Every structure is written in structure tokens, then in C-alpha cells.
């Protein structure tokens, strides 16, 4: 689109009427209007299928929520891009409100996705509770005693790492542990097994520590995301109604 219409989109607004591609690329033109229709349908389909699956379990046996979320984000990102070209980068009046609401929805959607993936979920996309996460933690001390011959200092070092509240220095700490295990002549297989256990415990501790914070942020995010989405939807409906009333029916 940028390549094909580059000359038209770079032409000043007051001169576009005289551009040879104006009839095609203007918002009511064959190409420009088609982009608006396609972009709007993408957004409506992306939102509808996601809401139907999330709230009403539509096709829950076939549609995993986490994959559908990615599809929803894809359509609701590509759709606004097509609509941006539909406007021919000309904003004014009620259309500008719809456009900036759309921008706010897209940006808040990106933030929402970041928060969403921070909340631990099952493979089907169901959110895990705090108790379920705690149940996933193993009794590390018992496993270390049963499967590995560790001296007291090394075992305490491992337990100290997994119980730390500040997890920011884990990479360096893991490297130190790797060197300690190597110096104590553990085999490569044993070192890999111990480090895997430690990393798993650290990962679960991190998820538990941020779970409630992310759940709270996700609730606040809905408060910001939903109003902009509703404003955009209402204005789009008005916009479509007005265009139909004035006889702009694209190719049909």
C-alpha cells in the first residue's frame, strides 16, 4: 500500500484532487474504500471471535484461548493499519475521535498483552490461582537429599537462591552455583539436573511474587481499554451509517 500509493499519500492534501490516483486512493475511492471495509471487518471479527470464546466458550474444544488472543491482536493491529490508509492520512471532525480512540485501543492492547502473558496459565489458557502455583513448587530440600550427595554449604546455597525475594541477580548466582558444582566434581548430567531444578523453583517463585500485582494491573487495564474500544465502535457505526446514507457503497 505504501509502495503503490506512495506518490498519492505524499501529495499535499490541497493538491490530491488533481492527482491521477485520486479516484482510487481517496477514502471513498475503490481502493481507499475497500481498505476501510477490510480493516473494519478484521477488527469486528477479531473482537467478536475472542469475546465469544472467552465469555461464552464458543468452540472451546477447538480454539485455545492463548492462540486466539494472538489472532485477535494480529487482526486488531492489521485492521487499524488498513483503516489508516483508508483515511488517506486525513483526520478531521468525528473521524479524528474514532482514529485516536483506535490508536488508544491498539496501544492499550499491546500493554494488555504484556500483562496477560505475565499471569501464569494452563496450556488451555485458564488462569492459575495462587494455591495452584504453590502446589507446583517441589520440596527441593528433600529432592536434593534423596538424589544428590551435596555437602551442607552447597545445599544451603541452593536453598538460599530459591528462597531469595530479590530475583534480579539470578543469572550471576546461577553461574556461581554452576562453578561450585563443577569444582565439587559433579558429573555434567548431575549439574544439569540440579540447575534445572533450581531454575524451575526460581521461575515459580517469580510467578508467585508477581501474580497478584499482575492480576490487579489487568483489572485496571480493562477499565482503560474497554471505554476506548466502545467509543471507537460507536463512531465506526455512525460513520458507516452516514456513508451508506450518502450512497457510498463501495463496489456493491
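FYI, it's all coordinate maths here, none of it is from the lab. Worth saying up front: this structure is predicted, and the values here are computed from it rather than measured. Neighbour counts run over all protein chains shown; Cβ positions are idealised from the backbone, glycine included.
This ranking places 221, 100 by how few other beta-carbon atoms lie within 10 Å of each, fewest first, which gives 100, 221. With a Förster radius of 51 Å applied to the C-beta separation of residue 195 and residue 61, the computed FRET efficiency comes to 0.85.
Cβ crowding within 10 Å ranks 151, 23 as 151, 23, fewest other Cβ atoms first.
Once both labels are positioned 7 Å from their Cα atoms along Cα-to-Cβ, the gap between residue 30 and residue 226 label points is 4.4 nm.
Listed by Cβ neighbour count within 10 Å, with the fewest neighbours leading, 232, 157 appear as 157, 232.
Site pair residue 142 and residue 176 shows an inter-label distance of 2.9 nm when each label is modelled 7 Å from Cα along Cα→Cβ. Length gained on full extension, residue 6 to residue 23: 4.6 nm, using 0.36 nm per residue less the C-alpha separation. Between residue 38 and residue 91, full extension at 0.36 nm per residue minus the direct alpha carbon distance yields a gain of 17.2 nm.
Length available on full extension from residue 238 to residue 15: 0.36 nm per residue minus the Cα-Cα distance, which gives 77.4 nm.
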